[in-house]
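A short write-up of the structure that comes next.
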Amino acid sequence: MMHPADTLTIKTELVEPNDTNVLGNLHGGKLMYWMDICSALAATRLSHAPCVTASVDNVSFKRPIKLGEVVSVRASVSRTFRTSIEVFIEVFAANMYTGQEEKSNQAFYTFVALDAEGKPALVPQIEPVTEKEKVLFEGALRRRQLRLVLAGKMKAQDANELKEYLFQDNK
């Protein structure tokens, strides 16, 4: 059985002038590209198969990433389902001279592993070990149900885990 730490993938990039907008901040699309690559590699480490992006959850930017900063994208699998893999990504920006690092954002990407014919392939299960991994693992089913409801692939009334979580105070 694999653990989330077994899938940890880190991508490091220096923000150069071609990566920035007129304000000297990293383009959001460029960061999302780096996040997609890093998280796809984490999913592939688990599945040992090609993985395609199925969805990207909310990507919010806590702080701009500036020209000359070093970006560290850290991705690991948070949970697997039958053929899909949820990957948790955290992004940090660091001043390369002082080493001071600050979290910029986080997101969840979902991938589907593919077999040799390009069809969805079964993926191995993952076993969380640390407290953080367990929290991410437990929340994954609710996040999955929310994604399916928003995509029109599940009726809201069928999202039992999500309903229980959202309305737990009404009991």
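A few points about this structure:
- For segment 1-66, trypsin sites (Lys or Arg not before Pro) are listed when DSSP marks them as loop and at most 13 other Cβ atoms sit within 10 Å of their Cβ; the list is K62.
- Inverse of mean 1/r across different Cα pairs in segment 101-160, Kirkwood, Å: 14.2 Å
- Seen from E13, the other residues with C-beta closer than 10 Å to its C-beta sum to a net charge of -1, counting Lys and Arg as +1 and Asp and Glu as -1.
- Note on segment 84-130: Cα convex hull, mean projected area over all directions, 5.4 nm².
- Non-local Lys pairs in segment 4-128, i.e. 8 or more apart or on different chains, that have alpha carbons under 15 Å apart: 5
- Distance histogram for segment 4-128 (every C-alpha pair counted, 10 angstrom bins, percent rounded to whole numbers): 15, 42, 28, 14, 2
- Taking Lys and Arg as +1 and Asp and Glu as -1, the other residues whose beta-carbon sits under 15 Å from that of A54 total +4.
- Among the chymotrypsin sites (Phe, Trp or Tyr not before Pro) within segment 116-171, those in coil by DSSP and having at most 13 neighbouring Cβ atoms inside 10 Å are F167.
- Dividing the Cα radius of gyration of segment 58-118 by its Kirkwood radius returns 1.14 for Rg/Rh.
- Within-9-Å neighbourhood charge of R144 [Cβ basis; K, R +1; D, E -1]: +2
Every number here is computed from the coordinates shown, using simple stated rules; none is lab data. Every value quoted in this text rests on a predicted model; they were computed, and no experiment measured them. Reconstructed Cβ throughout: ideal geometry from the backbone, glycine too, with neighbour counts over all protein chains shown.
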